[in-house]
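The values are calculated or read from the model by the stated rules, or taken from the named source; none is laboratory data. These numbers were taken from a predicted model, which means no experiment stands behind them. Please note: Cβ atoms are built from the backbone with ideal geometry, for glycine as well, and neighbour counts cover all protein chains shown. These area figures cover heavy atoms from the full protein model, side chains too; ligands, DNA and RNA do not enter into them. Shrake-Rupley method; radii C 1.70, N 1.55, O 1.52, S 1.80 Å.
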Amino acid sequence: MQVIVPSVSVLDCPGTESEDAGKASACSGCPNQEICASAKPRAPDPDVGQVRERMAGVKHKILVLSGKGGVGKSTFSAQLAYGIAADEAKQVALLDIDICGPSIPRIMGCDGEQVHQSNSGWSPIYVEDNLSVMSVGFLLGSPDDAVIWRGPKKNGLIKQFLRDVDWGDVDYLIVDTPPGTSDEHLSIVQYLSSTHVDGAVVITTPQEVSLLDVRKEISFCRKVKLPIIGVVENMSGFVCPKCKHQSQIFPPTTGGAEKMAKDMGIPFLGRLPLDPRIGKSCDEGKSFLTEHEDSPAAAAYRSVINEITTHCTEGPTTDSQC
Amino acid sequence: GIMADDILPNVGHVLLVLSGKGGVGKSTVATQLALALVEAGKKVGLLDIDLCGPSVAKMLDLEGRDIHQCSDGWLPVYADPSQQLGVMSIAFMLSHRDDAIVWRGPKKNAMIKQFLTDVAWGELEYLIIDTPPGTSDEHITVVENLQSCNPDGAILVSTPQAVSLGDVRRELSFCKRTHLPVLGIVENMSGFVCPHCSECTNVFSSGGGEAFAQDFHIPFLGRIPLDPKLSQCTEEGQSLAKVFPTSPTIQAVRTVVDNLVAQLKSRTNAKHGST
């Protein structure tokens, strides 16, 4: 007689520093359980106060999430930053918390820059007067350096980014994240919890293999009470440069992001087509929006960016369920 | 610690599919390699240690299946009636498909360890391990726990563009630091052939994978094109070879398998001192 292996508990690890550490129902079976349960109760984390102070000058915070890797989070975060910073009156900051695969320095054309410390903290890298960037990429000696860290160390660096970087007064802080629903995501939400976060922009490609992971990301957002600004469908259709026919390289076999957004009750922010020049701009560290501003893809980007900034400044244009 | 004979006692070759970069096709390549090896008559296991975004079950149309337990441990979920392809994934352990595994490192590590020690794979010629992007808990844990069974090595997957290869460089460093041999690199999404006019467009740039292989002195295992038919098959959990048998993509996958097998052979020969 064969027994079926039971489902796993998807309950969160309460966090090693939480009051419930080691005692929550999710802790049973975790190899850390004894250590967490026997740890002395911790005093409130002073860093949280410092993060709140740093973030006091940040008007809007947007997290760019997916769940699925390689759908264009970093590409989108960069164009979002460039797009908002096109208005010189806006101060924009782009924080890359992908510690293992930090793409932002290359995409923003500042690969190889080093971070300087001053009395007021770590200085972010300015790619334009009103656009600054921070990433672990700037802290690595060589492009071959791998950051082979387990969760706690990654969390420590994310906290440092929020606590120690002197962003100054910023209109928009955009946070690019790695794929998944793990340490980095729990940490950024936790550390920003004492501040106001406008919400998450969720990126996906049209196919079900992506949507599968993206639905999980949306579940994550709901679980941690992170508002969702909306979903963007990236790599949505490819126009052959020769014959101009459209192909769906990543076919939306289950209705794509628009249907998923409808089913889950979240706003659909729009579609971005697959234009080979986007990837090329990213490889070269140039702004696609500037290099190819008359392209249909750039127009699509501007439309989505507009939806996002309107949401931030005027509130949700449609119901954005938390 | 885990005793040498607790880990994968009857597995011939253990292969890890790594990238560093997300969304380059690790799961697609892992699945296609597994299917190609099964087609060649081998007994294959496919282990998905991507706990947050487990794609393999979907790609083989195994969603909703349960894991059965017997006296030897957990039975893999078999993708075929003749049990040539056994699959293990956390996807089989979720109550609801949309459930997010929101676990920090320690809990993920414990699960991965269980996948390695508690699954009764039986005798396998190949165990292919699909990984999430990055160089973190999952990767550290799987390499640590596999040490006692001498994995054959890593297959790196990338798209041709610089942004992807930038991450793959770090994955290569990871392999060096953890003494995991690198069997080679596969360049995926290598060009898109328009079905209407046959013009090939390098949607994600071109040539990067082969240049990487040269620059870093690792074998170039081959390139797989961007093929909507392949996407379709992974969507529907079908074998490309069965549904579109004349597709050039199948030949591309077979070339990668042939090169991989040649690599494995030459390393085994080198180890045993034969010519």
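Summed over segment B:101-130, residues that are part of a helix (DSSP H, G or I), within 20 Å of B:Ala57 (Cα to Cα) and open to solvent by less than 20 Å² (accessible area, probe 1.4 Å) total 5.
Is it the case, given these coordinates, that A:Leu274 is of a type in the set (A, V, I, L, M, F, W, C), surrounded by 22 or more Cβ atoms within 10 Å (Cβ to Cβ) and at pLDDT 95 or above? Explain how you work it out, then say what you get.
Details: of a type in the set (A, V, I, L, M, F, W, C): yes; surrounded by 22 or more Cβ atoms within 10 Å (Cβ to Cβ): yes; at pLDDT 95 or above: no.
When the stated conditions are applied, A:Leu274 does not pass them.
Restricting A:Ser187, A:Ser236, A:Ser194, A:Ser219 to residues that are more than 8 Å from chain B (Cβ to nearest Cβ), closer than 24 Å to B:Ile49 by Cα and either more than 11 Å from the chain's Cα centre (by Cα) or in a helix (DSSP H, G or I) (or both) narrows the list to A:Ser187. For B:Pro160, are the conditions met, namely being touching a Gly at 6+ places or on another chain (Cβ under 8 Å), facing chain A (nearest Cβ under 10 Å) and open to solvent by less than 20 Å² (accessible area, probe 1.4 Å)? Considered against the rule, which asks whether it is touching a Gly at 6+ places or on another chain (Cβ under 8 Å), facing chain A (nearest Cβ under 10 Å) and open to solvent by less than 20 Å² (accessible area, probe 1.4 Å), B:Pro160 comes out as yes. Identify the residue in segment B:176-197 that is within 9 Å of chain A (Cβ to nearest Cβ) and either not in a loop (DSSP other than H, G, I, E, B) or not hydrophobic (A, V, I, L, M, F, W, C) (or both) and, among all such residues, is least open to solvent (accessible area, probe 1.4 Å). The selected residue is B:Phe192.
Here B:Asp48 clears all of (1) open to solvent by less than 10 Å² (accessible area, probe 1.4 Å); (2) within 8 Å of chain A (Cβ to nearest Cβ); (3) closer than 20 Å to B:Phe92 by Cα except the condition numbered (2). Against the numbered list (1) in contact (Cβ under 8 Å) with a residue 40 or more places away in the chain; (2) out of contact with any helix residue (DSSP H, G or I) (no Cβ under 9 Å at 6 or more places or on another chain); (3) more than 29 Å from B:Leu37 (Cα to Cα), B:Trp103 comes up short only at (2). Just to be sure I understand, how many residues within segment A:244-262 are out of contact with any Asp or Glu (no Cβ under 7 Å at 6 or more places or on another chain) and facing another protein chain (nearest Cβ under 7 Å)? Within segment A:244-262, residues that are out of contact with any Asp or Glu (no Cβ under 7 Å at 6 or more places or on another chain) and facing another protein chain (nearest Cβ under 7 Å) number 5. Scoring B:Gln69 on the criteria (1) part of a helix (DSSP H, G or I); (2) among the polar types (S, T, N, Q); (3) open to solvent by 20 Å² or more (accessible area, probe 1.4 Å) leaves a single failure, condition (1). Only a single criterion out of (1) within 14 Å of chain B (Cβ to nearest Cβ); (2) surrounded by fewer than 18 Cβ atoms within 10 Å (Cβ to Cβ) is not satisfied by A:Leu211, namely (2).
Among the residues here, B:Pro81 does not qualify as touching a Cys at 6+ places or on another chain (Cβ under 9 Å), surrounded by fewer than 16 Cβ atoms within 10 Å (Cβ to Cβ) and either of a type in the set (A, V, I, L, M) or over 28 Å from B:Pro228 (Cβ atoms) (or both).
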